[in-house]
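Presented below is the structure to which this report refers.
The values are calculated or read from the model by the stated rules, or taken from the named source; none is laboratory data. The structure presented is a predicted model; accordingly, all values stated were derived computationally and were not measured. Neighbour counts are summed over all protein chains in view; Cβ atoms, including those assigned to glycine, are modelled from backbone coordinates with ideal geometry.
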Amino acid sequence: MAKEDYGAKDLTVLEGLDAVRKRPGMYIGTTDSQGLMHCLWEIIDNAVDEALAGFCNAIVVTLHTDGSITVADNGRGIPVDKEPKTKLSGVEVVLTKLHAGAKFGNSSYNAVGGLHGVGSSVVNALSSRLDIEVDRDGKTYHMAFHQGHPGVYTDADPEHPSPDAPFKRTRKNKPTELDIIGKVPPKRTGTRIRYWADPEIFNKTAEFSYEQLVDRVRQTSFLVPGLKITVIDENIAQEPAPGEPDHEMTSVPEGAGAGETVTADAASAVGESDSAQTQGDEDLALNEAETIADGAFGTQVDHPRVAEFLHNGGVKDFVDYLSKGEPVSDIWRIQGEGTYEEETQAVGANGELHAEKITRTCGVDIALRWVNGYDTVMRSFVNIIETPGGGTHVDGLMNSVTRQIRKAVEANARKLKVNLKDSNMKVERDDIMAGLVAVVTVRIAEPQFQGQTKDVLGTAQVKPIVTRMSDKQFGEMITGSKRGYKEQSNRVLEKIVGEMHARVQSRKAKEVTRRKNALESASMPAKLSDCQPGNDDVAELFIVEGDSALGTAKAARNAGFQALLPIRGKILNVQKASITQMLSNKECAAIIQVVGAGSGQSFDIEQSRYHKVIMMTDADVDGAHIRILLLTLFYRYMRPLIENGYVYAAVPPLHRIALTGSHKGEFIYTYSDDELAGKLAELDRKHIGYNDDIQRYKGLGEMDADQLADTTMDPRTRMLRRIRMEDAEQASEIFSLLMGDDVPPRKAFIVENADDFDRSKIDT
């Protein structure tokens, strides 16, 4: 929209301000200190909108000694002509009606809140007094308000206006004429608003925060490159040192970035714009002598505290300001634009709303770098609205960065000493975020947010745009294919991989501590033969039937990752027992305690001390009985173990065939009578000799350590049967039938199926 075309016709009136003073919390959130600061943000953001639209390059915020605040900008100035619908001047509409700017029309621009949006009128309604001056058409216009109503103040001293001065309100529904109080050059435009917060609205404890103001102003200066924002605090006078001229710089705030100064001379802050400004833009520059200190808003103290903020580098300067520690890389920047379609509500010629599909432009500007350290600093914005909760723009960036870094690590695995076969050696987002300093900004019209607090950007179309842009630009940077980035990308990858290794080692150390604390605090059963700590991802717990098999198992196991827990005979029938009885049972309690993840609803699979729980019982009927008792315990009180595939049944052999002749010293194990017969027939056909004395194992205790290791415990040669969820459900049903309280159904089942019983098929 051209500067000269901006007028009252571009304002869309929504409603009046009757409800604002009655329910201020609906508009500013609270009436404490937070609400007080919110009012100031509304006025400043209106000026920033002009800067975003390209019509303003200087804003001055003045904190007066009487508690009032002045915000001045050199934008186009609020329209002074008549608004067609209300017949009121544009100034009166802006400050007395809830309205929208041109962003609701066909001439929208990407701004934070629209041209002098709703906030101005709300602040006016919540102020005991508000004065406005507008420079347009070679004149300076003025209007005053009391609690949102226009009128005329009679100040005893015009240089020191006061909300307590006599006020004559304009008659209701009658337009208020703008006063012409001066002349300015024809090309000079701008708006100056001074307001006094109403003590009837805000709490007595509400306090203004200079620190919050400076932080917000600094942030805005980073986000709007080339915009000079000056904060003048008349409440703190800074006297020059003896013998020094008054205009000397008195201090520089700690952490001030490039373009930031604190001076003792107000004229330097509100004078002509920065020397970098072009000749053609000189008419936009604020002039202190003519706009601020002309007597309309009173005289200033001799040496107010003045802070200036001007950052031409944008988000790159922002990242530099936020970076703490030694940089690992330079500041990398991702920039570009994308388009998307969106269905929105538009205002028709007669004021009606209708759905309209329009094409939006999404501008992306991202800066990031890695520094030595562990802290992550991530700031995200939509236009100049901060989104502390992130949103689709942050998700798009991090998805792309994570994917591109993983690809780069895989491509340089040997150089980075990353074992790709190790499942733990995988770069996680936390590894990438360590030491990352990033500022993510997008510029879109009418952004959608999740919730009323605007903490999270919800516009879904932004994510793929940011992702595609980051994939291309960041992908070139991290792979080193972009000129000048190879050395930096190597340092970044080395840091990220180092964080990955540190995370893996930290997790192992934590598990060692957790296991140690669990053992010490919970008094683990004395019969537990635990494995070495630090191997939880591969740790195995063998539940062994009887002490006889335990002795052999100790000699056969790998103590690094295999633990042994013996049980004495058949455990409690939990199908018939109560929870109290189950927990009181020594064998059940020992199993729950050793697994270490709780029981019932409190069971947490993430806390399991073992990745495999293996039931190692004899290959007979009693062994099958014990397994179904254990399985029922897991199903009823530790079901996630089964659901996640942690529970196994060992499959020990029934027979051992010792070969003779040239194959002497070799053994063949079989697991059923049918398999034994088949294997013997095969040996006979091949004329391979064997000892006719076939050893049949009655239990695991009959095996020596080598035999037990080869057949049942060594992961390289053993056979395990994973228990699936459907197995557990069937077991529960059958166990209810066979071991429940109802005897007749159990007797009927046994009688009906007795003829079908096959010992060789047991537990298969």
*asked:* Any residue at all in segment 449-465 that's crowded, with 22+ Cβ neighbours inside 10 Å and at pLDDT below 90?
replied: no
**Prompt:** Has segment 373-385 got any residue that is farther than 30 Å from S481 by Cα, part of a strand (DSSP E or B), under 19 Å from the mean Cα position of the chain (by Cα) and touching a residue at least 12 places away in the same chain (Cβ under 8 Å)?
**Reply:** yes
Counting only residues in segment 51-95 that are surrounded by fewer than 20 Cβ atoms within 10 Å (Cβ to Cβ) and at pLDDT below 90, the one farthest from F145 (Cα to Cα) is identified as G54
Of those in segment 530-550 that are out of contact with any strand residue (DSSP E or B) (no Cβ under 9 Å at 6 or more places or on another chain) and free of Cβ contacts under 8 Å to residues at least 40 places away in the same chain, the residue surrounded by the fewest Cβ atoms within 10 Å (Cβ to Cβ) is Q532
Condition first: in contact with a Lys or Arg (Cβ under 9 Å, 6 or more places away or on another chain) and either among the acidic types (D, E) or within 17 Å of C588 (Cβ to Cβ) (or both). Can you find one or more residues in segment 631-644 that meet it? yes
Going through segment 417-444 in order, the residues found to be of a type outside the set (S, T, N, Q), surrounded by fewer than 18 Cβ atoms within 10 Å (Cβ to Cβ) and over 24 Å from N372 (Cα atoms) are L420, K421, D422
Screening A438, A445 for residues that are within 27 Å of R216 (Cα to Cα) and modelled with pLDDT of 95 or more leaves only A438
Can you find even one residue in segment 633-651 that is within 60 Å of the chain's Cα centre (by Cα), on the phi < 0 side of the Ramachandran plot, without any contact (Cβ under 8 Å) to a residue 60 or more places away in the chain and surrounded by fewer than 17 Cβ atoms within 10 Å (Cβ to Cβ)?
yes
If you go through R696, R721, the only one that is surrounded by fewer than 16 Cβ atoms within 10 Å (Cβ to Cβ) and either of a type in the set (S, T, Y) or closer than 21 Å to D622 by Cα (or both) is R696
* Asked: Within segment 501-514, is there a residue that is at pLDDT 85 or above and of a type in the set (A, V, I, L, M, F, W, C)?
  -> yes
Checked pairs for segment 197-215, first in contact (Cβ under 8 Å) with a residue 24 or more places away in the chain and in the same structural domain as G148 (by TED's automatic domain parsing), second in a loop (DSSP other than H, G, I, E, B) and of a type outside the set (V, I, T), C-beta under 6 Å and 6 or more apart or across chains, list as D198/L126; I201/P24; I201/L126; N203/D32; A206/D32
Restricting segment 325-347 to residues that are outside any strand (DSSP E or B) and touching a helix residue (DSSP H, G or I) at 6+ places or on another chain (Cβ under 8 Å), the one surrounded by the fewest Cβ atoms within 10 Å (Cβ to Cβ) turns out to be D330
The number of residues in segment 557-608 that are buried (at least 21 other Cβ atoms within 10 Å of the Cβ) and part of a loop (DSSP other than H, G, I, E, B) is 3
Any residue that is within 11 Å of the chain's Cα centre (by Cα), surrounded by fewer than 21 Cβ atoms within 10 Å (Cβ to Cβ) and among the charged types (D, E, K, R) - is there at least one of those in segment 396-406?
no
Quick count over segment 304-321, residues being closer than 19 Å to V364 by Cβ and in a helix (DSSP H, G or I), is 5
Here the qualifying pairs (Cβ atoms under 6 Å; residues six or more apart or on different chains; first in segment 158-187 and over 17 Å from I132 (Cα atoms) and touching a residue at least 24 places away in the same chain (Cβ under 8 Å); second assigned to a loop (DSSP other than H, G, I, E, B) and not acidic (D, E)) come out as P186/G138
Could you go through segment 219-241 and let me know if any residue there is within 16 Å of N74 (Cβ to Cβ) and assigned to a helix (DSSP H, G or I).
yes
